[in-house]
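Just below is one structure, and these are the notes that go with it.
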Amino acid sequence: MDTLAISARPLLYFFRPDTIATMTPNRVREYWEWRRGHSLQVIDKDAGTVEVVERVIADGTIIRELSGTLRPAIQHAIKERRLVPGVYHVPVPAAPPGRDYWVTRSEAAHLLWETRRDKRARLHLPLYAMIALYTGQRRGAILDLTWPQVDLVRGRIDFNPPGRPQTQKGRPIIPIPRPLMAALRRAQQRASSKFVIAYRGEQVRDVKTGFNSAATRAGIPDCTSHTLRHTAGTWMAQRGVPLREIAGYLGHSEQRTTELYAHHHPDFMQNARRAFEGAE
């Protein structure tokens, strides 16, 4: 199992009697069923002691574990000549349907207000939420953002740091909306770090706890950072922004943008509708 040393703890725990060479598709499917109802809680990090607890786990998590960990482990084993080269089938559950959840403008305003109530986070959490809402970028791209990437003169943000190769999760260059521009100017004046989202001069690496608390106080407990990304795309579509432009703004493929936002667009299937409204 040394080739699974890079794996997540649930995989290591479940497959501990196995090796990659002896793993079968049926054994992987057994992992689905077990994982759907179990999680691991670390008791002693240094000793690697864990406790199995009953907890519902979404299929999306299982897909990420198998696709992002087990499949690369197989390729690593082949590269290290510990596994015969070939095609190895790793079955994964069917992808869950996308969730079309977005917040209204009044809900967003309430959320931004609530982010200011935490005294420890009132300087960085409101700015994080504004960037997430007005740019629709992923959490990692926002937390990695540095001031040299923000051009307040030309009104542009390059979310891809210099030297970082673009991946499928694109980090675009986008114009800065006027409300966000004002917030960024104020933040830059008081900045003590190269990172835009910083606390006491250090990069903020996680905002999940503070953000979730603010969302709960705002009455939208299901709202996450990713919800704001989907909200940005939804608002643009509802205002009639061309889908190709939305794709460029979010760093999506055009196909994915169409799947997610076309039904929010005012022109959605208008030609199809008109086909049934013409004179016979």
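The values are calculated or read from the model by the stated rules, or taken from the named source; none is laboratory data. The structure displayed is predicted, hence computed values, not measured ones. Virtual Cβ from ideal backbone geometry, glycine too; neighbours counted across all protein chains shown. Just so you know, the surface numbers come from the protein's heavy atoms only, side chains and all, with ligands and any DNA or RNA stripped out. Shrake-Rupley method; radii C 1.70, N 1.55, O 1.52, S 1.80 Å.
Looking at the square roots a ≥ b ≥ c of the eigenvalues of the Cα gyration tensor of the range 144-216, which shape do they give, rounded for a/c under 1.5, prolate if a/b is larger than b/c, or oblate? Don't skip to the end; give the middle numbers.
Working: a/c = 1.45, a/b = 1.17, b/c = 1.24.
Judged from the Cα gyration tensor, the range 144-216 comes out rounded (a/c under 1.5).
Can you compute the helix-only [θ] at 222 nm over the chain? Use -39500 (n - 2.57) per DSSP H run of at least 4 residues, normalise by all residues, nearest 500 deg cm²/dmol.
-12000 deg cm²/dmol
Using the heavy atoms of the protein chains and a 1.4 angstrom probe, tell me the accessible area per residue for the chain in square angstrom. Intermediate results must be reported in sequence, preceding the final value.
Details: 16880 Å² over 280 residues.
For the chain, the solvent-accessible area averages 60 Å² per residue.
Using the alpha-carbon centroid of each, what span in Å lies between the range 187-214 and the range 122-180?
Computed from Cα coordinates, the inter-centre distance equals 13 Å.
What does the highest-first list of 142-149, 52-59 look like by mean Cβ count within 10 Å?
Most protected by this proxy first, the peptides run 142-149, 52-59.
Which FRET efficiency value, to the nearest 0.05, is calculated for Ala275 and Gln166 with the Förster distance at 41 angstrom and r the Cβ-Cβ distance? Let's see the in-between values first.
Values: r = 40 Å, r/R0 = 0.98.
Using R0 = 41 Å, I get an efficiency of 0.55.
Taking a ≥ b ≥ c as the square roots of the Cα gyration tensor eigenvalues, with a/c under 1.5 meaning rounded and otherwise prolate when a/b beats b/c, else oblate, which class fits the range 191-239?
Verdict is oblate for the range 191-239.
So how tilted is helix 178-190 from the main axis of the chain? Cα-based, degrees 0 to 90, rounded to 10.
Computed tilt is about 70 degrees.
As I understand it, the value is the acute angle between the Cα axis of helix 208-217 and the longest principal axis of the Cα atoms of the chain; what does it come to in degrees, rounded to 10?
60 degrees
So which trypsin sites (Lys or Arg not before Pro) in the range 74-155 pass both tests, a DSSP loop state and at most 12 other Cβ atoms within 10 Å of the Cβ?
Filter output for the range 74-155: Arg81, Arg99, Lys119, Arg120, Arg154.
Cα gyration tensor of the range 156-195, axes a ≥ b ≥ c as square roots of the eigenvalues: rounded (a/c below 1.5), prolate (a/b > b/c) or oblate?
Note, shape of the range 156-195 comes out oblate.
Within the range 225-260, list the residues whose amide N lies under 20 Å from a label point set 7 Å along Cα→Cβ of Asp158.
248-252
Could you work out how far helix 225-238 tilts from the main Cα principal axis of the chain, as a 0 to 90 degree angle to the nearest 10?
Roughly 50 degrees, rounded to the nearest 10.
Rank-order 246-252, 25-31 by packing density, defined as the average count of other C-beta atoms within 10 Å over each peptide's residues, highest first. Spell out each step's value before the answer.
On the way: 246-252: 21.9, 25-31: 14.3.
So the peptides 246-252, 25-31, ranked by packing, come out 246-252, 25-31.
How much accessible surface does Ser67 have with a 1.4 Å probe, in Å² rounded to 10?
Here the accessible area works out near 40 Å².
Tally up the carbon and sulfur contribution to the accessible surface of the range 85-155 as a whole percent, 1.4 Å probe, everything protein left in place.
Whole-percent figure for carbon plus sulfur exposure: 57.
So what does the Cα-only Debye profile of the range 51-125 read at q = 0.15, 0.18, 0.23 Å⁻¹, as log10 I(q)/I(0), no solvent term?
-0.81, -0.88, -1.01
Can you send over the solvent-accessible area of His124, 1.4 Å probe, protein chains only, in Å² to the nearest 10?
20 Å²
Rank these residues by their accessible area, most exposed first, probe 1.4 Å: Thr104, Thr135.
Result of the area sort, largest leading: Thr104, Thr135.
Take every DSSP beta bridge whose two residues both sit in the chain, then give the antiparallel share in percent to the nearest 5.
Given both bridge residues lie in the chain, the antiparallel proportion sits at roughly 100 percent.
At 1.4 Å probe size, what's the solvent-accessible area of Ile220? Round to the nearest 10 Å².
Number for this one is 10 Å².
Which value, in debye to the nearest 20, gives the size of the charge dipole of the chain about its Cα centre, when Lys and Arg are +1 and Asp and Glu are -1 at the Cβ?
Using only the charged Cβ atoms, the result is roughly 1060 debye.
Put Ser253, Ser39, Ser106 in order of accessible area, largest first, 1.4 Å probe: what do you get?
Correct descending sequence by accessible area is Ser106, Ser253, Ser39.
Which residue, chosen from His76, Leu133, Pro93, occupies the Cα position most advanced towards the positive end of the dipole of the range 46-185, where the dipole is computed from +1 (Lys, Arg) and -1 (Asp, Glu) charges on Cβ about the Cα centre?
Result: Leu133, furthest along the dipole toward the positive end.
For Rg/Rh (Cα atoms, Kirkwood Rh), which listed value, (1) 1.08; (2) 1.03; (3) 0.93, comes from the coordinates shown?
So the structure-derived entry is (2).
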